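This report concerns only the one structure given below.
Since every read-out is calculated from the coordinates, none of them should be taken as a lab result. If you're wondering where the values come from, they're calculated on a predicted model, not measured in any experiment. Neighbour counts are summed over all protein chains in view; Cβ atoms, including those assigned to glycine, are modelled from backbone coordinates with ideal geometry.
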Amino acid sequence: MVQEDQSKVEEIIKEDIWGSIKDFLELGFHWGEGEKSIHITIGLLLLLAAAFIMTSFVLKWLRHLFTRKMDSEDKLKFISVFKFIRYVAYLAAILVTMSAAGIDITILLTASAALFVGLGLALQELFQDIIGGIIIIVDKTLSVGDIVEVNGKVGKVFEIKLRTTRAITRDDKVIIIPNHKFISDLVFNYTQNHKTTRERVAVGVAYGSNVDLVTEILMDVVTHQKGVLKNPKPFVLFEDFGDSALLFSVNFFITDSFSDPRVKSAIRYAIDAKFRENNITIPFPQRDVHIYNTK
């Protein structure tokens, strides 16, 4: 008796309740018959809505996972990236739903593939810039305040975006650097590890000059120059015997390599004045011209 009652309950649930739910989910629009029929039902629309909600949830979780250790400013830069990914995911969900409804999306996919290939080739550099921006932000290879040299231009970084990095040059002009430059080209970062950099000023003196006096003057000038660090200590190198001069360089350390042209200029002024006081000549290149008379 109990088994009969249980089987009746199961039959009611299977046929009446589940059947009613199934009939409700199958309500909608139906066109055609056989393989070419199209069915847009309530169940299909509910599945699409669930796919959208699930996609949004997963993307929010991934964004939190990737940006949880970033500053608030860096997090904002990823909003556009995740928006683009969300739109692509929504498009994929719509295409799957259309296929489930019986709509032939082969032609649509073929046309989309050709379109995306064309866009990919046209926007290849743009995608490289965005990928470069993501790498820069994630692994901190570049930070605001860094002094970089790209294609012979020196600038101080003041803004890093997903596609471009902006820096101000020594003559107060803004240079916009595509981010792919930082992953594909040779870039000098003067302040990647620390702010202290070693600089040098080269000078040549006439043959016969007192090299000890030259060394003493160079050391005196650089140690009294404002902006030059006392530690590490500056030093002088006797670099070579040139064609027209004895070649020296004075090497020193500063904490602001962005303004080093001014420091170097002041050192050159002081060297020239000291050399004049001590009758040390800075020679100019000389050439001997020999004229032969063949007659």
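Taken along the Cα-to-beta-carbon direction at a fixed 7 Å, the label points for VAL187 and LEU59 span 2.8 nm.
Here is the P(r) of region 140-189: all C-alpha pair distances, binned every 10 Å from 0, give 28, 66, 7 in whole percents.
Can you give the alpha-carbon Rg of region 197-277 over 2.2 N^0.38 Å, where N counts its residues? Could you put the intermediate results ahead of the total?
On the way: Rg = 12.3 Å, N = 81, 2.2 N^0.38 = 11.7 Å.
Computed over Cα atoms of region 197-277, the ratio equals 1.06.
Between SER143 and PHE241, what FRET efficiency follows from the Cβ-Cβ distance if R0 is 45 Å, with the result rounded to 0.05?
Using R0 = 45 Å, I get an efficiency of 0.55.
A cut-off under 10 angstrom between Cβ atoms defines the neighbours of ASP129, and their net charge, with Lys, Arg +1 and Asp, Glu -1, is +2. Measuring from a point 7 Å past the Cα of SER259 along Cα-to-C-beta, which residues in region 165-182 have an amide N at less than 14 Å? Output list for this probe position: 170-172. Toward the positive end of the charge dipole of region 197-277, with +1 on the Cβ of Lys and Arg and -1 on the Cβ of Asp and Glu, the farthest Cα among LEU246, TYR269, GLY208 is that of TYR269.
Across region 234-289, the relative contact order, built from alpha-carbon pairs under 8 Å that are at least six residues apart, equals 31 percent. Estimated from the Cβ-Cβ distance and a Förster radius of 30 angstrom, the FRET efficiency linking THR169 and TYR269 is about 0.80.
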